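K.L.:
My questions all concern the structure below.
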Amino acid sequence: MILVSGGTGMVGSAIVAELLRQGEPVAVLGRDRAKVQQAFAGTVEAREADVTQPASLAAAFEGVDVVVNAVQFPTSPIEVPRKGWTFEEVDYRGTVNQVEAARAAGVKRFVYVSGVGAAPDASKHWFRFKWQAEEHLRNSGIEWAIVRPTWVYGPRDVSLNRLLNFSNILPFVPMFGDGNQAMQPVFVDDVGRVVATAATRPEAANQLFELGGPEVLSMNDVLNAGLQAKGRKRPILHQPMFVGKAIGTVMSLLPITPPLTADAVEFIASPAVADARNLQAVLAPELTPLHEGLRTYLRA
């Protein structure tokens with residue numbers, strides 16, 4: 001049995017779909033069993049637990065051979081500390097809790113979906129917390145695999161699609177920064193295939209894989225490709241980063257979940273390029289070019 005935690009999310013659901021396509025028995029862990037059942041219509045075993053609550057995990061991990069951790073907090077990358085939706089609580093502590101539950105349950109392999117940029121000395125706290133989660137897994141004694149995607153896009157992504165949707169109502173697409181940062185966007189279906197392979201293939205044991213799409217582009221190029229797929233011609237209106245961060249700082253003071261924070265602006269504007277040498281050497285996946293991936297869900 002393979003348990004996918006966070007299996008109703010954008011990345012998690014792609015992993016589940018690929019595992020089911022391969023004929024694997026799959027359980028999906030979520031905070032709401034009914035939501036899991038509704039999402040997969042009886043094709044998976046629904047299990048309920050909160051990864052930030054260690055006591056809830058023991059029963060959920062019973063009888064599991066492989067755990068795939070694809071959990072993200074609902075508003076990622078916009079942190080909402082009052083709800084516990086932060087990189088520290090979910091990405092780091094939530095992973096630690098799952099690793100400990102997996103060890104207690106005798107799980108054979110644990111696969112963690114991390115992110116390109118994870119490092120002990122990273123300048124951004126979200127990458128430091130992902131690194132700490134990776135380190136805890138590597139030192140756990142459980143057979144492990146870590147997949148670090150770059151910027152994942154697809155029908156349910158809330159970053160690229162949000163920017164592109166401005167073209168529905170504005171004569172331009174707004175962007176903070178100059179848009180020249182290097183990006184290697186990866187199609188969500190490709191992430192699903194790579195993570196599913198990391199969960200099932202013997203040669204993936206104790207391996208770290210960075211995963212990006214087959215092209216390295218500027219953020220401006222990525223946006224223009226999306227606009228082309230939508231059949232739109234819009235100029236990109238660049239705004240200084242400090243403007244976006246100032247807006248995000250003000251919005252973070254609102255009593256509701258903020259639509260933008262200063263950290264989220266930094267997150268979206270950061271370069272994201274993978275070192276895929278180990279991925280290609282061990283798993284050698286076929287990867288979808290950006291224009292082909294976009295055409296599967298954007299229509300002119």
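The values are calculated or read from the model by the stated rules, or taken from the named source; none is laboratory data. Predicted, not measured: the structure shown is a model, and the values here were computed from it. Glycine gets a Cβ as well: all are built from the backbone with ideal geometry, and neighbour counts include every protein chain shown. Calculation scope for accessible area: heavy atoms of the full protein, side chains included, ligands and nucleic acids excluded. Shrake-Rupley method; radii C 1.70, N 1.55, O 1.52, S 1.80 Å.
K.L.:
Counting only protein heavy atoms, what percent of the accessible surface of the chain is carbon or sulfur at a 1.4 Å probe? Please list the in-between numbers first.
P.N.:
Working: 7180 of 13420 Å².
Carbon-and-sulfur percentage of accessible area, whole number: 54.
K.L.:
Can you tell me the 0 to 90 degree angle between the C-alpha axis of helix 94-105 and the longest principal axis of the chain, rounded to 10?
P.N.:
With rounding to tens, the tilt is 20 degrees.
K.L.:
Give me the Debye-computed log₁₀ of I(q)/I(0) at q = 0.15, 0.18, 0.20, 0.22 Å⁻¹ for segment 1-91, equal point scatterers on Cα only, no solvent, two decimals.
P.N.:
Per q value, in the given order, log10 I(q)/I(0) is -0.53, -0.76, -0.92, -1.09.
K.L.:
Please give me the summed charge of the neighbours of Thr8: other residues whose Cβ is under 9 Å from its Cβ, Lys and Arg +1, Asp and Glu -1.
P.N.:
Combined, the nearby Lys, Arg, Asp and Glu give 0.
K.L.:
Rolling a 1.4 angstrom probe over the protein heavy atoms, how many square angstrom per residue are accessible across segment 152-282?
P.N.:
With the other protein chains kept in place, segment 152-282 gives 47 Å² per residue.
K.L.:
Moving to a separate point now. Mind listing P(r) for the chain? All alpha-carbon pairs, 20 Å bins, whole percents.
P.N.:
34, 59, 8
K.L.:
For segment 21-66, divide the Cα radius of gyration by the Kirkwood radius and give the resulting Rg/Rh value with two decimals.
P.N.:
Expressed as Rg/Rh, it is 0.98.
K.L.:
How are the C-alpha pair distances of segment 143-300 spread across 5 Å bins, as whole percents from the shortest bin up?
P.N.:
2, 9, 16, 18, 17, 14, 11, 7, 4, 1, 0
K.L.:
Rank Leu279, Leu237 by accessible area, highest first, at a 1.4 Å probe radius?
P.N.:
Heavy-atom accessible area, descending, gives Leu237, Leu279.
K.L.:
Something else now. Against the longest alpha carbon principal axis of the chain, how many degrees, from 0 to 90 and to the nearest 10, is the axis of helix 125-138 turned?
P.N.:
20
K.L.:
Taking the alpha-carbon set of segment 42-106, what are its Rg and Dmax in Å?
P.N.:
12.5, 35
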